[in-house]
Amino acid sequence: MPKKFLIAGAGIAGLTLAKVLQDLNYDFELFESSEKVRGIGAGFGLASNAMKAFEILGLSEEVVPLGHMLKDFEIQDWKGKTILKADTERLINNYNNENFAVHRADLHEFLVSKINPTKIKTNKKVTFFEQSYEKVVLHFTDGSSIEGDFLISADGINSVIRQQLLKHSTPRYAGYICWRSIVEDKSYESKKSIETWGANGRFGLTPLINNKIYWYACVNTPLNSSVYNYKLDDIQKHFKDYSGQIRNVLQKTNPEKIITTPIMDIKPINNYVFNRVLLIGDAAHATTPNMGQGACMAIEDVCVLFDELVKKDTDILSAFEGYNQRRLKRTHYIIDTSRLAGKVAQIENKFLIAIRNFAFRSLPKSITQSPLEDLLEEDFMKK
């Protein structure tokens, strides 16, 4: 008898998994709490490891045109002087794929186009689930429920499913706010992503296709402080001493299209499998964006699960356990390293900033690049 998967959450993890299950001829239904499946956010990186995962899943050729290829990632001080260049070349060589930046909405639209529309159900917000030895039942706020053989929790950092399983696994605040937006600038031609570090916070610029620029800005502040009410004028004033490039991008920004969010992650958990329930993506290992690996880890998740499903054939529970064993160490490393990287990047004390910048400029690359070692060197597909 065919096995049915229930997928909660139509983000990148849920959509990519739905495409994989469809290709493997599994029965599934994908449930999204919103009225429409759409990419909420701005731009993000698809590093070489994510592109390798898409290649394994047979999607890379169609994903590449959605992205803007990035040759370099550079960290600068507020005067525009280089602090550090990430060793993106090693990442590219290790996975034999380039790094890209994409608009979240474009990737969502592409993934949705690959899935049988009758399998996607919107306006389905999960309230709780039940599982027995043989089945899982998912319940929704509209009073309906559905039964399946397996439940995949891809419902993000605020996952109802994870928090039912692990009541204390709630989002934790990283200590800073983030503003994001996308502007059009035909004069900006670059294959470099730049992040500026200064006493007033961080400001990142990443080129996208079609003459678009994705920008983000991070400022230390208590959760729900008055800084969360900042408008574009306030952001411009806050970064008025930063580079002309930054001021120019802010000048071209539509005030109505700025996204304001607190930066959150979840403390690493010890298990992603709970009998017939599996956690993937941010529901399993939400991370701060400081390593640009949030979406990448979700795509890796699906790729590893795909490998396990193919290898274990009809033994789904065994495939879940194989996924669990292969994903815990790597995703824990990303969460911990990214959170630490954010603390280093968000230093406000000018004396400590000077020490940090001098250290990054003076120390050997083997030391300054060490936080990236597991990402750069490890093959996420290894057994």
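The values are calculated or read from the model by the stated rules, or taken from the named source; none is laboratory data. Here the structure is a predicted model, which means the values were calculated and not measured. Cβ placement follows ideal geometry from the backbone for every residue including glycine, while neighbour counts extend to all protein chains displayed. For accessibility, only protein heavy atoms count, side chains too; no ligands or nucleic acids. Shrake-Rupley method; radii C 1.70, N 1.55, O 1.52, S 1.80 Å.
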Q.
Every residue in segment 255-294 that is open to solvent by 10 Å² or more (accessible area, probe 1.4 Å), touching a residue at least 24 places away in the same chain (Cβ under 8 Å) and farther than 20 Å from residue 218 by Cβ, please.
A. 267, 268, 269, 270, 271, 273, 274, 275, 276
Q: Tell me which residues, restricted to segment 1-51, are more than 24 Å from residue 103 (Cα to Cα), touching a helix residue (DSSP H, G or I) at 6+ places or on another chain (Cβ under 7 Å) and not aliphatic (A, V, I, L, M).
A: 3, 5, 28, 29
Q: Determine, yes or no, whether residue 18 is in contact with a strand residue (DSSP E or B) (Cβ under 6 Å, 6 or more places away or on another chain) and open to solvent by less than 30 Å² (accessible area, probe 1.4 Å).
A: yes
Q.
Any residue in segment 116-131 that is without any contact (Cβ under 8 Å) to a residue 60 or more places away in the chain sitting within a Cβ distance under 6 Å of a residue that is surrounded by 14 or more Cβ atoms within 10 Å (Cβ to Cβ)? List the pairs, counting only those 6 or more apart or interchain.
A. 127/139; 128/139; 128/164; 130/137
**Q.** Identity of the residue in segment 169-199, part of a loop (DSSP other than H, G, I, E, B) and at pLDDT 95 or above, that ends up nearest to the chain's Cα centre (by Cα)
**A.** 171
Q: Please tell me if residue 88 is touching an Asp or Glu at 6+ places or on another chain (Cβ under 7 Å), among the β-branched types (Val, Ile, Thr) and modelled with pLDDT of 90 or more.
A: no
Q: Could you grab me the full set of residues in segment 87-104 that are outside any helix (DSSP H, G or I) and in contact with a Leu (Cβ under 7 Å, 6 or more places away or on another chain)?
A: 87, 99, 100, 101, 102, 103
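Before we move on, is residue 209 in contact with a helix residue (DSSP H, G or I) (Cβ under 9 Å, 6 or more places away or on another chain), open to solvent by 30 Å² or more (accessible area, probe 1.4 Å) and either modelled with pLDDT of 95 or more or more than 21 Å from residue 346 (Cα to Cα) (or both)?
yes
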Q) Can you tell me how many residues in segment 54-81 are buried (at least 20 other Cβ atoms within 10 Å of the Cβ) and closer than 19 Å to residue 113 by Cα? A) 4
(Q) I need the full set of residues from segment 132-159 which are among the aliphatic types (A, V, I, L, M) and either without any contact (Cβ under 8 Å) to a residue 40 or more places away in the chain or in a loop (DSSP other than H, G, I, E, B) (or both), in order please. (A) 137, 154, 157
